[in-house]
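These notes are about the structure you will find just below.
The values are calculated or read from the model by the stated rules, or taken from the named source; none is laboratory data. In this text the structure is predicted, and so the values were computed from the model without any measurement. Neighbour counts run over all protein chains shown; Cβ positions are idealised from the backbone, glycine included.
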Amino acid sequence: MDIREERPEDHQSILDVNISAFGGTDEAVLIETLREDGDIRLAMVAVEYGEIVAHILFSDLKVTSNDQKTKISAVTLAPICVAPTHQRLGIGSELMRQAIEKCEEMDVEAIFVLGEDNYYTRFGFSAEKAECTKSSFSGPFFMVLDLKQGIFNDFQGSARYPDAFSAFEKI
């Protein structure tokens, strides 16, 4: 298993694995829109025998304090997927761990995600820490992993997602 950053020649396979994993095209459309808008900060793939079997994507997120004095270098994780034939083998977890490490190397201070707490909390994501940051996705499934410890101490602010996410916002 090889885990690496995506390459241009991977793009169609990435879309295919997302469509297969999610059973629809919403995530593929999101990926394409983020790519077209230049909002992708990091995208990685897991490759087995030359085939992309998993994908993770991070896009820029504007996180600013209410007084506009503090800006946090943040990304949002969406989507992450593993091909149905390769699920429950630890591939997604290893991809997640390596991607988080890469974000740390890139001086990202926080990673936000909207997802199931029973999965993301094992990597250190917390809904409680995210409560101080308002977004159109705020709620029990809105979580953050603070890569810079204590960055959310006494923080009150907001997170602005890239325009590509507008199709997924609460109505």
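A few comments on the model shown:
- In the stretch 106-139, the residues that are assigned to a loop (DSSP other than H, G, I, E, B) and of a type in the set (F, W, Y): F125, F137
- Selection within the stretch 8-50 - acidic (D, E) and over 22 Å from E104 (Cα atoms): E9, D10, D16, D26, E27, E32, E36, D37, E48
Matching residues to (1) surrounded by fewer than 22 Cβ atoms within 10 Å (Cβ to Cβ); (2) small (G, A, S); (3) over 15 Å from the mean Cα position of the chain (by Cα):
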site	(1), (2), (3)
R41	yes, no, no
V47	yes, no, yes
V63	no, no, no
T70	yes, no, yes
A78	no, yes, no
A83	yes, yes, yes
E109	yes, no, no
Y119	yes, no, no
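- Among residues of the stretch 125-138, those that are touching a residue at least 24 places away in the same chain (Cβ under 8 Å) and either within 21 Å of P79 (Cβ to Cβ) or surrounded by fewer than 16 Cβ atoms within 10 Å (Cβ to Cβ) (or both), counted: 5
- Considered as a group, the residues in the stretch 51-74 that are among the acidic types (D, E) and assigned to a strand (DSSP E or B) include one that is nearest to M143 (Cα to Cα), and that residue is D60.
- Any hit, the stretch 17-27, residues being in contact with a Lys or Arg (Cβ under 9 Å, 6 or more places away or on another chain) and closer than 12 Å to I80 by Cα: no
- Criterion: over 18 Å from I3 (Cβ atoms) and of a type in the set (A, V, I, L, M) - qualifying residue of A54, A127: A127
The rows are residues; the columns are (1) at pLDDT 95 or above; (2) within 17 Å of the chain's Cα centre (by Cα); (3) surrounded by 15 or more Cβ atoms within 10 Å (Cβ to Cβ); (4) in a loop (DSSP other than H, G, I, E, B).
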| site | (1), (2), (3), (4) |
| --- | --- |
| R97 | yes, yes, no, no |
| E101 | yes, yes, no, no |
| E104 | yes, yes, no, no |
| G150 | no, no, no, yes |
| S166 | no, yes, no, no |
